[in-house]
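The values are calculated or read from the model by the stated rules, or taken from the named source; none is laboratory data. Keep in mind that what you see is a predicted model, and the values were worked out from it rather than measured. All Cβ positions, glycine included, derive from the backbone under ideal geometry; neighbour counts span all protein chains shown. Each accessible area value is taken on the protein alone, full model and side chains, heavy atoms only, with ligands, DNA and RNA left out. Shrake-Rupley method; radii C 1.70, N 1.55, O 1.52, S 1.80 Å.
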Amino acid sequence: MKVMVTGFLGKMGQTTVNMINESDDFTLAALVNHHLDQHQDDLETFKGLAPIYSSVEEALGEVEVDAVVDFTHPSVVFDHCKTYIEHNIHPIIGTSGLESDEINRLQALASVKKLGGVIAPNFAISSVLMQLFSQEAAKYLDHVEIIELHHAQKADAPSGTAIKTADLIHESQKQKEDIVVNRNESLAGARGADYKGIPIHSVRLPGLNSHQIVQFGAPGEGLTIRQDSYNRESYMHGVTLALKVCEQLEEFVYGLEHIL
């Protein structure tokens, strides 16, 4: 499979490039990153691995590509993904920040072409299991809060993983209305962001990578579900899986749980 990596100069992009180079199943077809003129020193590491481009359109006009792994920025990922689908290329999207209506529009475009792809808020297998366990627990425990912790440079808050977890929990909850016990705040924001009645607290600190705690509570008991990704290699299991199955899919799925 010929794979293009968009956002290859970012930390996740670099990790993806390393994974592809070490795999017998994939060939690195192209590398894309905006503002290459600002990263001349960084480019030396990648010269000779694959053709390097500053835009998706330029790359796809010159190189044959089967699938794209995109770890870029919320501000550009929708347009990137639309372009991939228009070129019949399987999109593997790790960039978070897509709105629900944007995801629906992209899925509709891919559906017309029966084009398989994956949008994953988190490619760590343990993260997907954390979400599924939380969804199951929500059938029995109504009260829950989410605390997500990431490195200081993360572009969005709350994380896509936290939003996806809250969506799955909300689907399972018997009570759909706001069931938070107390929303009174002496300081605005102290109770976190309210998403479908579920408080989400975002922590951004140097030294962290990607972590999430789903805290359930009930009279006299509690349940804590925690997931930790200590390094970026932890995401490569999911990226590899998505690349291997995307050609067999006929839809653009949201969430790695659809392909486990």
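Details
- So Ala108, is it among the hydrophobic types (A, V, I, L, M, F, W, C) and modelled with pLDDT of 95 or more: yes
- Of the listed requirements (1) in a helix (DSSP H, G or I); (2) surrounded by fewer than 16 Cβ atoms within 10 Å (Cβ to Cβ); (3) in contact with a helix residue (DSSP H, G or I) (Cβ under 8 Å, 6 or more places away or on another chain), Asn88 misses just one: (1).
- Taken together, the residues in the range 1-30 that are open to solvent by 10 Å² or more (accessible area, probe 1.4 Å) and in a helix (DSSP H, G or I) amount to 8.
- Unique match (being open to solvent by 60 Å² or more (accessible area, probe 1.4 Å) and in contact (Cβ under 8 Å) with a residue 12 or more places away in the chain) among Lys174, Lys154, Lys164: Lys174
- Filter result (surrounded by 12 or more Cβ atoms within 10 Å (Cβ to Cβ) and of a type in the set (Phe, Trp, Tyr)) within the range 188-233: Tyr195, Phe216
- Among the residues listed as Ala152, Ala166, Ala162, the single one being outside the structural domain of Val63 (by the TED database), farther than 18 Å from Leu249 by Cα and not in a helix (DSSP H, G or I): Ala152
- Residues (surrounded by fewer than 19 Cβ atoms within 10 Å (Cβ to Cβ), of a type in the set (S, T, N, Q) and part of a loop (DSSP other than H, G, I, E, B)) located in the range 54-85: Ser54, Ser55, Ser75
- Residue count, the range 31-53 (criterion: over 14 Å from Phe71 (Cα atoms) and either surrounded by 13 or more Cβ atoms within 10 Å (Cβ to Cβ) or under 25 Å from the mean Cα position of the chain (by Cα) (or both)): 11
- For the range 236-257, filtered to residues that are open to solvent by less than 20 Å² (accessible area, probe 1.4 Å) and either at pLDDT below 95 or of a type in the set (D, E, K, R) (or both), the residue that is nearest to Ser96 (Cα to Cα) is Gly255.
- Residue tally, condition open to solvent by 10 Å² or more (accessible area, probe 1.4 Å), more than 19 Å from Ala218 (Cβ to Cβ) and in a strand (DSSP E or B), over the range 117-149: 1
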